[in-house]
Structure formats: structure tokens, C-alpha cells
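Heads up, the thing below is written out as C-alpha cells.
The values are calculated or read from the model by the stated rules, or taken from the named source; none is laboratory data. This is a predicted model, so every value here is computed, not measured. Counting neighbours? That spans all protein chains shown, and the Cβs are built from the backbone with ideal geometry, glycine included. Side chains are part of the model used for accessible areas, which takes the heavy atoms of the whole protein and leaves out ligands, DNA and RNA. Shrake-Rupley method; radii C 1.70, N 1.55, O 1.52, S 1.80 Å.
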Amino acid sequence: MRGRRNVTKHPGFGLALASALVLANGVVHAAATIVIVNVDGAGEGFNDATPAAVVGGNAGTTIGQQRLNVFARAGQAWGALLTSAVTIRIEAAFDPLSCSPGSAILGQAGAPTFFANFPGAPVANTAYPEALANRLHGSDLNPAGNDVEAQFNSSLNGNAACLNGTGWYYGLDGNEGTNIDLLPVVLHEIGHGLGFASSVVLSTGVFQTAGLPTMYDRRILDKTQSKHWDQLTAAQRVASAMNTGNIVWDGQNTTLASPLLLAPRALVVVNSPAGIAGTYGASAAAFGAHLSATGLSGAVALVDDGTAPTSDACSAILNGAQVSGKIAFIDRSATGCTFASKAARAQAAGAIGVIIANNVAETLAPGGSDPAITIPVVGISLADGNIIRAQLGGGVNATLKLDLAQNAGADAQGRVLLFTPNPVQPGSSISHWDVAALPNLLMEPAINPDLQAGKVDLTEFAFRDIGWFQGVTDAGYPPLPTRLVGNAPNPFNPMTKIRFDLATTGAVHLAVYDLSGRLVRRIVDGSLTAGAHALPWDGTDGHGRGVAAGVYLVRLEADGRVFTHRMVLVK
């Protein structure tokens, strides 16, 4: 989330926006030096001396030290990724932020100063956050100031008035259980401060960086207007911020990477009645059974829990006889009733699947966790929910399935959707990826429990698009570590592309195996140049014969290392 922003001009065309963050000491990395600046008072935040047990790889013995260790790990992650000759200073603190039993601001951050038209600026009349401006300029444009400011909510401490007693998890392994994992929250907020945020005041449409767009703003495309945000009027930007489903990130690097990191999108296909038959966009829940390309079909039944509003499944479902063996239709509630608890009640009533309709415009991505839920669960928008609900009395039959031709959270061209709910959500709208993305992404408006510990996923490629790696190589890419990124689409039929990066030029062995270890197809057995690669596999063996549907392993041997990845062929 972004912090509040106050604009001031500085000599040399600096532009200031307010926010806050944390520090301990500088850590030098191969690419960038990250310094965390601790501005907490004695006995609070990073200086909290309360004893703490070692947890999840965090060896700190006090709460304050464990917090500092989390920030150090976040600094290592960003420092290893970014390239800058100028130290990046991140000011941070733990302070009480907004919190209630049902919701909380976990953190807020941003760049306090922006610069434009400095020597080395790639695009004229464009505001760059201080850390990025320093990197492009080659020296510190504001030596007396910090580059990022951020705050984190100190109220997450077991207090029942804040998220019903939820606390921070200070482990480094992503096993937060029912608590909130601090590491991805810190990575998320630093991401905002380094440039993943719009400078537009969404109530007025004005660029608050002295009237200039940022590179982030220049990458926002309104598909309805066929214009980027720097090309729209202020009034058009106000409307565009609520143009749900039609605002995308138009950056080449992110668009190319999105098929490799995003899964196929979910669909609700209404088979009958004919009047509403068709395909409706959906988002698979973070829990429950995985959807398939063939899908799960059945009659749809509205749940009734006997307590108004009766269709939100916030208590035991009373019409189990009508729900059993069918796909349960549930409405999102305004209370603290969780998505997982709704699905659990539907499953207990015998439902074979669940559709949860949103109570606001955008498609719903049901978050949460419950390994006991074994039926598929999807979320849909308010408008689509209203259409389906109106026909339930006469009978609706639907299929919950995957669309292998398009990825969750991206459009048909692979451009990633930005978060544009209607009405606008200040601090969240536009400056985050859309919640429809699956797997969930670091820069979504809420932190999800299925994020990979310490990873920044698509943010790396968005940072390429806004200039963080400008001029590092002829292709605009920094030196990449050797890694097997994955394949897309996955599942696939009949063709997929296997994506991998090479740090150095040299011998590469890339092959596909079945689960018994038998060689199916050798893709590469020779030398390849350093850089990013994407090679196709058409689902055939070494003799050109089509292989059976199933799970296959792709194995990469390069730079003295071995990587494997699972691919799913469907037919």
C-alpha cells in the first residue's frame, strides 16, 4: 500500500512524497547496497527488547532483533536483484496504524523525493523516485535524504481489537500459519518506494509529482481509451481508475514474463438456461481442489443459512438437501466471515463445488487457507453474480474450469491487469496488480499466504519496464542467475515454452523425462549464450510421436547446476 503523499519541490527538480520505513545497518550485495534506517524510539519497534523464541530460520532472541533480521533478508532480496552504484537508504518504523477486527493496514510506504530531467534521465519530463533517479544518474541527487520511507503496523501484537488477535510472523520460511508474514509485507512496501506506484491523486486525476507522470504512470494503459495514463486528461484518469478489467500494465518485459509466472485463468461456464448461457470470468480460490481444463459440471444451488443475509453461509447451511451434489452459490458477506469458512460449510452440506459472488464490482479472488477443503472454489464479480442468482429459481447448470488460452490476471495479449475496483480504494487502486492473478503476486493489494518466501515474482519485470536496469546490457537486462523459470502455458496442449536463464555462455543440457525417470525428449544438448531463453516442446518424444497426457519433468543442467520443473500435458 502507498503512504500519504505530500508534494514539495527541491533544488534540481526534486519532488517529495511522504511515507516511512526501517533500518539497522548497511549490507553490501553484488548488485546494490541496501541500508535500513531505524527511526524507532527506545523500547519500541526495532528496539523492542521483549524476549522471543527462535522461529522459522530467524535467530533473533528479541522481537526487535527478529524484526531487524526480517528487514535484512528483504534488503538482501532487493539488493541481489537491483543494480545501483548509489546506496539505497530505507527509513522504517513500527507505529500504530489503522486496525479493526476485520481489516488492517499492514504497512505503507513510498518515495519521499522524486527527480526529473536530471543528467542520465532516460525520458524527459518524467518523475523518477529518488532511488531510481540516483541509479540512473550515477550519484546521489539528495545525499541528506533517505530514498524510501515506510511504516509498519505495531498493533498486530495479539490484540483482539486488531484482526481478532492476529500477530506478525517473524520467520523467514513462509510458514506463518494464521499470523501475518512480515517478510513479504516488507518486500511489498519497499517495492512501492522503489517505483511500483502511481503518482496520480485518484480523486482529481492530477500527477502530484509537480504535474509530471512517473514511468509507472506511462506504463498504465486504458484499453477502452487506447491511451496510456500520461496521454489522458485528469478527468479521464479519474474515470479510468474505476474501469474494472480494462486497465493493464503495458510493459514489454512484464508481458513477456506473465505467461511463465501466471496460471491459466478460471471460468464459470453457464450451460443453461439459454438466456444466460456463456462464459464468465472467475478467480480460483487460494484453497480447495485445483480446477482442470475439462472442468466440474453440475446444477447450481443457492445456500440458505437461516440468518439474514441467508445466502452468505456465515453459519451452518440449512438447505443441505438442495445443496448436496450440486455447486453451491454463496454471496460474499460484509462481516468477518471468511471465504474458507463459507466453503467449509458448503462442503459439509455435500456441495461438489462453490461459487462465491462478490459484493463489489471486481472479480472476487477468495483468499485464505484450509487444507480440509477438497472441492473447487471460485469467485466471480457482483454483476455476474447478479445475473446467475436471478436464474437460480428456474435451474442453472454450470461448469467450473480452466481456460488454457489465457492466464489469470492478464488479458489475451498477456498484459497484466492492474487493480481497478469501483468505487476507488484509496492507497490500493492502480498501484497494485489485480487480485485476479494466480498464483497470487507480491504487489497485489493484500498479502496472501501462498506467496513464495523472499520472492518478488513479476515485480522484477515491472522494474525492468520502469528503467531499473537501463543500460546494464544491450538488451536492457541485468546479468541473470542461471535458473529454470518454468513453462507456459502449464497445463498445456499441445505446445508449451520452457523458459530458463543462463548467467554465462556454455554447455547446456535440457531434456524432458516422465515420472519414472525415462528420457522422453532432448531439447538442447550443446552450447548456448548467456541471457534469457524460451524453447518450445510440442508434446512429442524423440521420434516425433505424441506422448500421453500426464505430468512430465523438464531437467536443466547448466553452470554445474541441475534444475527440475513439473509440466502438465492435458488432452
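Could you list, in sequence order, all residues of region 51-96 that are part of a loop (DSSP other than H, G, I, E, B) and either out of contact with any Ser or Thr (no Cβ under 9 Å at 6 or more places or on another chain) or open to solvent by less than 30 Å² (accessible area, probe 1.4 Å) (or both)? Break it down into steps so the answer makes sense when it comes.
At the first step, the residues of region 51-96 found to be part of a loop (DSSP other than H, G, I, E, B) are 52-54, 56-57, 59-61, 82-87, 96.
Scanning region 51-96 gives ALA52, GLY56, GLY57, ALA59, GLY60, THR61, LEU82, THR83, SER84, VAL86.
Which of the residues that make up region 523-561 are over 23 Å from PRO259 (Cβ atoms), out of contact with any His (no Cβ under 8 Å at 6 or more places or on another chain) and either open to solvent by 60 Å² or more (accessible area, probe 1.4 Å) or not charged (D, E, K, R) (or both)? Full working, then the answer.
Restricting attention to region 523-561, the residues satisfying the condition of being over 23 Å from PRO259 (Cβ atoms) are 525-527, 541-545, 548, 557, 559-561.
From what's left, out of contact with any His (no Cβ under 8 Å at 6 or more places or on another chain): 526-527, 541-545, 548, 559-561.
Hits for region 523-561 are GLY526, SER527, GLY542, HIS543, GLY544, ARG545, ALA548, ASP559, GLY560, ARG561.
Looking across region 101-114, just one residue is within 30 Å of GLY368 (Cβ to Cβ), assigned to a loop (DSSP other than H, G, I, E, B) and either among the acidic types (Asp, Glu) or open to solvent by less than 40 Å² (accessible area, probe 1.4 Å) (or both), and that is LEU106. Screening region 351-371 for residues that are more than 20 Å from the chain's Cα centre (by Cα) and open to solvent by less than 30 Å² (accessible area, probe 1.4 Å) and picking the one that is farthest from ASP434 (Cα to Cα) gives ALA351. Of the residues making up region 158-208, those that are more than 20 Å from VAL54 (Cα to Cα), in contact with a Lys or Arg (Cβ under 9 Å, 6 or more places away or on another chain) and of a type in the set (Ser, Thr, Tyr) are SER198, SER199, THR204.
Check region 215-229 and report whether any residue there is over 21 Å from the mean Cα position of the chain (by Cα) and open to solvent by less than 50 Å² (accessible area, probe 1.4 Å). Looking for residues that are over 21 Å from the mean Cα position of the chain (by Cα) and open to solvent by less than 50 Å² (accessible area, probe 1.4 Å), one finds at least one in region 215-229, hence yes. When the residues of region 506-551 are filtered to those that are in a loop (DSSP other than H, G, I, E, B) and under 32 Å from the mean Cα position of the chain (by Cα), which remaining residue is farthest from THR482 (Cα to Cα)? Going through the qualifying residues, I end up with ALA549. Only one entry of ASN493, ASN487 meets the criterion of being under 23 Å from LEU291 (Cα atoms), buried (at least 18 other Cβ atoms within 10 Å of the Cβ) and not hydrophobic (A, V, I, L, M, F, W, C), and that entry is ASN487.
Would you point out which residue out of GLY350, GLY320 is touching a Ser or Thr at 6+ places or on another chain (Cβ under 6 Å), of a type outside the set (Lys, Arg) and modelled with pLDDT of 95 or more? Outline the logic, then answer.
Working: GLY320 fails: touching a Ser or Thr at 6+ places or on another chain (Cβ under 6 Å).
The match here is GLY350.
The strands (runs of 3 or more DSSP E) located wholly in region 200-275 that include 3 or more residues which are touching a residue at least 24 places away in the same chain (Cβ under 8 Å) and of a type outside the set (A, V, I, L, M) occupy 264-272.
Taking every residue in region 468-487 that is in a loop (DSSP other than H, G, I, E, B) and polar (S, T, N, Q) and pairing it with any residue that is at pLDDT 65 or above and surrounded by 15 or more Cβ atoms within 10 Å (Cβ to Cβ), at least 6 positions away or on another chain, the pairs with Cβ-Cβ distances below 7 Å are GLN470/LEU136; THR482/ASP501; THR482/LEU502; THR482/ALA503; THR482/ALA558; THR482/ASP559.
Being part of a loop (DSSP other than H, G, I, E, B) and farther than 29 Å from LYS455 by Cα is a condition met by at least one residue of region 279-296.
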